């Protein structure tokens, strides 16, 4: 099992409902094995020359590296209400072998 073939993608959304809709779509399309939603995240960011503070929900998306650029990110952008949504990913360097196998079984083939 190559653990570097899996990632944890992070996406913020303006509401829990929006995050839930994105999560359902990603799991249904097998672009993610699992999505956790953390509501009540306070984001402070610069946008178009101004500093903003917003309450958002954070999606923690478990998926394959191979799906990120050509499938996952475009699918999120197609349904996300932000002009430039946060879509970033971190490598999963270690994990329980059975859990990593499960991610592989529940997502589209690489």
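Relative to the longest principal axis of the C-alpha atoms of the chain, give the angle of the C-alpha long axis of helix 97-106, reported between 0 and 90° and rounded to the nearest 10°.
Long axis of 97-106 versus the principal axis of the chain: about 70 degrees.
Based on the Cβ-Cβ distance from residue 44 to residue 98, what FRET efficiency comes out when R0 is 25 Å, to the nearest 0.05?
0.05
Taking 2.2 N^0.38 Å as the expected size of a compact globular protein, what ratio does the Cα radius of gyration of the chain give against it, to two decimals?
With N residues counted in the chain, Rg over 2.2 N^0.38 Å equals 1.09.
What percent of all Cα-Cα pairs in region 27-80 falls in each 10 Å bin, counting up from 0?
Taking all Cα pairs of region 27-80, the binned fractions are 21, 40, 31, 8 percent.
Quick one: helix 16-28 against the long Cα principal axis of the chain, what's the angle to the nearest 10°, folded into 0 to 90?
Orientation of helix 16-28: about 30 degrees from the principal axis.
Bear in mind these aren't lab numbers, they're just calculated from the coordinates by the rules spelled out. All of these numbers come straight from a predicted model, not from anything done at the bench. Counting neighbours? That spans all protein chains shown, and the Cβs are built from the backbone with ideal geometry, glycine included.
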